[in-house]
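Undergrad: Have a look at this one before I ask anything.
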Amino acid sequence: MTRYGAMYGPDITFLGVPPCDLDVPGEWADADVVILGAPFDGGTSHRPGTRFGPSAMRQACYLPHDGSRPALALRTDGLKDLRVYDAGDVECFSGDIERSVRVIEAAVATIAGTGAIPVVLGGDHTIALPDVTGVARAKGFGRVSVVHFDAHADTGNSEFGSLLGHGQPMRRLIESGAARGDRFLQIGLRGYWPGPETLDWMAGQGMRAYEMSEIVSRGLDTCLTEAFEIAVDDCDGVFLSVDVDVVDPGMAPGTGTPEPGGLTSRQLLDAVRRVCLELPVVGVDVVEVSPPYDHAEVTAFLANRVVLEALSAIAFRRGGGTWDPTRPLLDGRRPE
Ligand SMILES: [Mn+2]
């Protein structure tokens, strides 16, 4: 795969981190993280447009594109403390879902095979299939737990006669053995899909799904703590998959299948931070950002910060120590 740059729009990297070509391993041999665009929206069941997601997520920021972002809360710089490269976009032809899935999987497996963490910018959620499979090829099938933030379970069997699409990736992952149903944690589900047959199938796989009513009743942190215990039991790594539609459409309107009543953007950022502080994350994707439906780049800005929150927390975890959220940023006392 030759470096494509951004498939839609100018060849920019995520907030100015160095570019790399996956076909030239010497360029990124020291990488801790490789960002990859997967501008595929051919698996969409309703409103498309996520092919423009990677480009939007790379640039949605009011600060200079200087490859540095010091996190106020964690006091790490996810783009500097980690060696982060951007490999550009995988060439995705929207009319050929099988080829797109194949080339994304190969690119992700190439990154994960070196021990670096792939961070994949979608694209619709179809890409979770090649993203998690690519990581599983490196870490072992069934050895990577999945923590999945989404309004939707994405465990459909077929849609419009296709086994591939953005409503089915989690089913395919469990069927292939790439991921274990009983190490699959879904957070933020709500609304009116899927139906009872699919829920029965999910129950049969031992899946744990936190519907919004449970999250509201028990508290997000309680649910996360419980989910994390399941995720780290007999596994070698965790894949974090974030569908931006887990956030309420009022705070993330630029998406294809909006479902009212979701998390706040603050809750998602805190949850992503906790996942990456407390769990051994080996892969990340952020999906379903559809810029044509966005307003004032609200959703793109949020998705950009989801990536930064993950990288800042991964950097903190590598540095060791425990983060105390009650510690003041500045406590009002001058240094001695
Ligand atoms: Mn979704």
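The values are calculated or read from the model by the stated rules, or taken from the named source; none is laboratory data. All values reported here derive from a predicted model rather than from experimental measurement. Because the Cβ atoms are built from the backbone with ideal geometry, glycine has one as well, and the counts that use them run over all protein chains shown. With ligands, DNA and RNA removed, areas are computed over all heavy atoms of the protein, side chains included. Shrake-Rupley method; radii C 1.70, N 1.55, O 1.52, S 1.80 Å.
Undergrad: Taking only protein heavy atoms and a 1.4 Å probe, what accessible area per residue, in Å², does the stretch 27-111 have with all protein chains in place? Working shown, then result.
TA: Working: 3400 Å² over 85 residues.
About 40 Å² of surface per residue is accessible.
Undergrad: Something else about it: Expressed as a whole number of Å, what is the distance separating the alpha-carbon centroids of the stretch 134-155 and the stretch 307-333?
TA: Using only Cα atoms to place each centre, the spacing works out to 26 Å.
Undergrad: Taking the Cβ-Cβ separation of LYS80 and GLU197 as r and a Förster radius of 41 Å, what is the calculated FRET efficiency to the nearest 0.05? Can you show the working numbers first?
TA: Details: r = 49 Å, r/R0 = 1.19.
After rounding to 0.05, the efficiency reads 0.25.
Undergrad: Still on this model: Nearest 0.05, what FRET efficiency do SER162 and THR225 give at R0 = 35 Å with Cβ-Cβ as r?
TA: On the way: r = 37 Å, r/R0 = 1.07.
Using R0 = 35 Å, I get an efficiency of 0.40.
Undergrad: Which of the peptides 270-283, 86-99 is most tightly packed, and how do the rest follow, judged by the mean count of other Cβ atoms within 10 Å per residue? Intermediate values should be presented prior to the final figure.
TA: Working: 270-283: 21.6, 86-99: 19.1.
With the highest mean Cβ count within 10 Å placed first, the list reads 270-283, 86-99.
Undergrad: Where does each of 291-301, 317-327 land if you order them by average Cβ count within 10 Å, highest first?
TA: Working: 291-301: 17.9, 317-327: 9.5.
Result, highest mean first: 291-301, 317-327.
Undergrad: A further question follows. Given H placed 1.01 Å from N in the peptide plane, which residues other than close sequence neighbours of ARG208 have an amide H under 5 Å from its amide H?
TA: Here the answer is PHE184, GLN186, since their amide H atoms fall under 5 Å of that of ARG208.
Undergrad: Tell me, what is the FRET efficiency for SER213 and ASP331 to the nearest 0.05, using R0 = 35 angstrom and their Cβ-Cβ distance as r? Mind dumping the intermediate values first?
TA: On the way: r = 39 Å, r/R0 = 1.10.
About 0.35, to the nearest 0.05.
Undergrad: Still on this structure, please answer the following. Under a Cβ-only charge scheme (Lys and Arg +1, Asp and Glu -1), can you give me the dipole magnitude of the stretch 14-319 about the Cα centre, in debye to the nearest 20?
TA: Roughly 460 debye, rounded to the nearest 20.
Undergrad: With the cut-off at 1.5 for a/c, could you classify the chain from its C-alpha gyration tensor as rounded, prolate or oblate?
TA: Note, shape of the chain comes out rounded.
Undergrad: Would you compute, from DSSP H runs of 4+ residues alone, the mean residue ellipticity of the chain at 222 nm, taking -39500 (n - 2.57) per run and dividing by the full residue count, rounded to the nearest 500? Walk me through the numbers before you get to the answer.
TA: On the way: 9 runs with 108 residues, N = 336.
Calculated from helices alone, the mean residue ellipticity at 222 nm is -10000 deg cm²/dmol.
Undergrad: Relative contact order of the stretch 221-296: what whole-number percent is it, with Cα pairs under 8 angstrom and at least 6 residues apart? Write out the running numbers ahead of the final one.
TA: Numbers: 96 pairs, mean separation 31.1, N = 76.
The value is 41 percent.
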